[in-house]
Amino acid sequence: MGAAARLAELGLELPQVALPVAAYVPAVRTGAYVHTSGQLPFVDGALVATGKVGAEVSPDDAVGYARTAALNALAAVAAVVEAEGGPSGADALDRIARVVKVVGFVASDPAFTGQPAVINGASLLLRDVLGDAGVHARSAVGVAVLPLDSPVEVEIVVELTA
């Protein structure tokens with residue numbers, strides 16, 4: 001089953017690429033790898049929540065925001081594939097040979113220590129959409145604040161097939 005079918009089975013659609021909030025691009029390819037910029041949980045161009053996890057944002061909600069940020073990262077990868085003349089939309093995700101690394105940042109209340117559980121939202125989405133190719137190495141980091149006061153930020157590195 002391809003990524004587009006898995007997305008549909010999950011009731012998800014690949015979103016439009018989130019516009020950068022500063023001077024950078026959403027993703028860059030170098031050799032066989034695509035590195036995404038940090039992706040926030042934007043839906044239809046709007047940040048879905050703000051605040052610190054463990055204070056203004058519940059850990060359960062933050063898991064969903066990490067999932068949304070990972071979906072935005074996949075959209076950035078798909079846009080790179082499409083721009084190079086490859087398949088478009090969710091079909092472009094079938095060019096991912098492997099998610100190599102995920103880095104997740106969680107804007108955390110000082111007492112909150114559940115960053116790995118929050119970033120599992122991103123990790124599980126990648127596995128669910130890409131199967132074995134979505135299993136990856138990962139870091140989950142607690143930080144004082146993220147851009148736009150987002151509760152989470154996710155970046156990924158993927159290897160593409162030839």
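The values are calculated or read from the model by the stated rules, or taken from the named source; none is laboratory data. Only a predicted model underlies this, so the values are computations on that prediction, with no experimental measurement involved. Ideal geometry is used to build each Cβ from the backbone, glycine not excepted, and the neighbour counts take in all protein chains shown. Calculation scope for accessible area: heavy atoms of the full protein, side chains included, ligands and nucleic acids excluded. Shrake-Rupley method; radii C 1.70, N 1.55, O 1.52, S 1.80 Å.
Report, by residue number, each residue of the range 102-119 that is in contact with a Ser or Thr (Cβ under 8 Å, 6 or more places away or on another chain) and either modelled with pLDDT under 95 or not polar (S, T, N, Q) (or both).
102, 103, 104, 107
Against the definition (surrounded by 13 or more Cβ atoms within 10 Å (Cβ to Cβ) and not acidic (Asp, Glu)), how does residue 30 come out, yes or no?
It is false that residue 30 is surrounded by 13 or more Cβ atoms within 10 Å (Cβ to Cβ) and not acidic (Asp, Glu).
Regarding the range 123-137, can at least one residue be identified that is over 15 Å from the mean Cα position of the chain (by Cα) and within 18 Å of residue 55 (Cβ to Cβ)?
no
Of the residues in the range 16-58, how many are within 20 Å of residue 89 (Cα to Cα) and of a type in the set (S, T, N, Q)?
So the count comes out to 4.
Please go through the range 104-130 and give me each residue that is among the β-branched types (Val, Ile, Thr) and touching a strand residue (DSSP E or B) at 6+ places or on another chain (Cβ under 7 Å), ordered by number.
Once the filter is applied, which keeps residues that are among the β-branched types (Val, Ile, Thr) and touching a strand residue (DSSP E or B) at 6+ places or on another chain (Cβ under 7 Å), the range 104-130 yields 106, 118, 119.
Residue 72 versus (1) closer than 22 Å to residue 143 by Cβ; (2) part of a loop (DSSP other than H, G, I, E, B); (3) of a type in the set (S, T, N, Q): which is the lone unmet condition?
The number of the failed condition is (2).
Can you tell me which of (1) closer than 25 Å to residue 84 by Cα; (2) outside any loop (DSSP other than H, G, I, E, B) is the one residue 63 doesn't meet?
The failed condition is (1).
Can you report the number of residues in the range 107-130 which are outside any helix (DSSP H, G or I) and touching a residue at least 40 places away in the same chain (Cβ under 8 Å)?
Count: 6.
Scan 11, 51 and give me the residue that is open to solvent by less than 30 Å² (accessible area, probe 1.4 Å) and either over 26 Å from residue 115 (Cα atoms) or not in a helix (DSSP H, G or I) (or both).
It is 51.
Take the residues of the range 150-162 that are within 15 Å of residue 94 (Cα to Cα) and not aliphatic (A, V, I, L, M): which is surrounded by the most Cβ atoms within 10 Å (Cβ to Cβ)?
Selected residue: 159.
Scan the range 87-130 residue by residue and report those that are among the hydroxyl-bearing types (Ser, Thr, Tyr), open to solvent by 50 Å² or more (accessible area, probe 1.4 Å) and closer than 19 Å to residue 65 by Cα.
113
Name the single residue, out of those in the range 131-149 being in contact with a strand residue (DSSP E or B) (Cβ under 6 Å, 6 or more places away or on another chain) and not in a strand (DSSP E or B), that is least open to solvent (accessible area, probe 1.4 Å).
Filtering first and then ranking leaves 134.
Return the pairs, sorted by first residue and then second, in which the second residue is in a strand (DSSP E or B), the first residue lies in the range 17-34 and is at pLDDT below 95, the beta carbons are less than 7 Å apart, and the residues are 6+ apart or on different chains.
Cβ pairs passing all conditions: 18/39; 18/42.
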